[in-house]
1. Starting from the Cα gyration tensor of the chain, multiply each eigenvalue by 5, take the square root, and state the resulting semi-axes largest first in whole Å.
2. At THR211 and TRP187, where each label point lies 7 Å from the Cα along Cα→Cβ, what is the point-to-point distance in nanometres?
3. In whole Å, what are the extents of segment 137-262 along the principal axes defined by its C-alpha atoms, from largest to smallest?
4. Please work out the C-alpha center-to-center distance from segment 144-164 to segment 72-119 and express it in whole Å.
5. Report the label-to-label distance for ILE128 and ILE16 in nanometres (one decimal), using points 7 Å from each Cα along the Cα→Cβ vector.
6. Test of understanding: in a Gaussian network model of the chain with alpha carbons linked when under 10 Å, which of VAL27, VAL259, VAL63 would top the mean-square fluctuation ranking?
7. Consider just the alpha-carbon atoms of segment 143-185 and return their Rg together with their Dmax, both in angstrom.
8. Only counting other Cβ atoms within 10 Å, I'd like SER78, SER67 sorted with the fewest neighbours first.
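None of the figures in this text is laboratory data; all of them are computed from the coordinates on show. Quick caveat: nothing in here was measured; it's all calculated off a predicted structure. Because the Cβ atoms are built from the backbone with ideal geometry, glycine has one as well, and the counts that use them run over all protein chains shown.
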Amino acid sequence: MTARTLSYGKIAPGKIITWTLLFIGGVAMVTPLLFMFSTSLKTAGQIYDLRLIPAEPTLQNYVKVLSDGRFLRWFLNSMFIACAVTCSNLFFDSLVGYTLAKFEFRGRKFIFIAILSTLMIPTEMLVIPWYLMSANLGWLDTYWGIMFPGMMTAFGTFLMKQFFEGVPDDFLEAARIDGLNEFTIWWRIAMPLVTPALSALAIFTFLGNWTAFFWPLIVTTSAEHYTLPIGLTSFAVEQSIQWEMIMTGAALATLPTLVVFLLLQRYIVRGVMLAGLKG
């Protein structure tokens, strides 16, 4: 065996430590998720059996949860709210980001700094103004009341501005010479060039609104407007002894986020990496 072959076979101690820490961290994060799915397949008598694979797995828990009309209503509420807020973010954040990146006007930097400064305000400090606004406008216990705080975000505006700054101005000038108006230029020329940013923003926004708990808990009072996290909480109170039912509901609530992440994770990585390079 040559020295060159031996050199290729060596593994640096630093890599071994890194891989070990990543493996331990991965196990720590995945284990609760696996036990949640495992518990959802157990009967009431097997709940305290810590084996990962149930002795007698059953799908009866899923049948019971899915046959409950409330769960389907909460699921559809969360899907509607997450999709609506995601579409709103993609439209408004990209439009504002494009304006700040490609137009020169008085106060542009001040507006951008003001938008970014909102990132420093904790959500808990905004709850009271949001609630008072919702109460004055009659938005309490409505879908609009749940959605309006997230219809446009400072993070999305910043992300889109960073990407739009990388769009060549020559493309936009050529479109103006051809007679296109600014809205058409933004929609047909600029937007297709920032697809990675749009994909990353869509994923972050959808997942954030799908799992949102604090604000929907405050603004909703009737079960028909509950989102899935809030509904599962009330379900847990009602079914405090039947842990297998609670875990089944949580498992079903987790599936959409897992599917979205597994299908689109490369867009998340690419969008964040490019945003970091442009920043």
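1. On the way: eigenvalues 314, 210, 54 Å².
For the chain, the ellipsoid semi-axes come out as 40, 32, 16 Å.
2. Taking the two extended label points, one gets 3.5 nm.
3. Answer, in whole Å and largest first: 68, 39, 19 Å.
4. Value for the Cα centre distance between the two parts: 2 Å.
5. 5.7
6. Among VAL27, VAL259, VAL63, the largest GNM mean-square fluctuation belongs to VAL27.
7. Over segment 143-185's Cα set, Rg and Dmax evaluate to 15.5, 44 Å.
8. Values: SER78 24, SER67 9.
In increasing order of surrounding Cβ atoms, one gets SER67, SER78.
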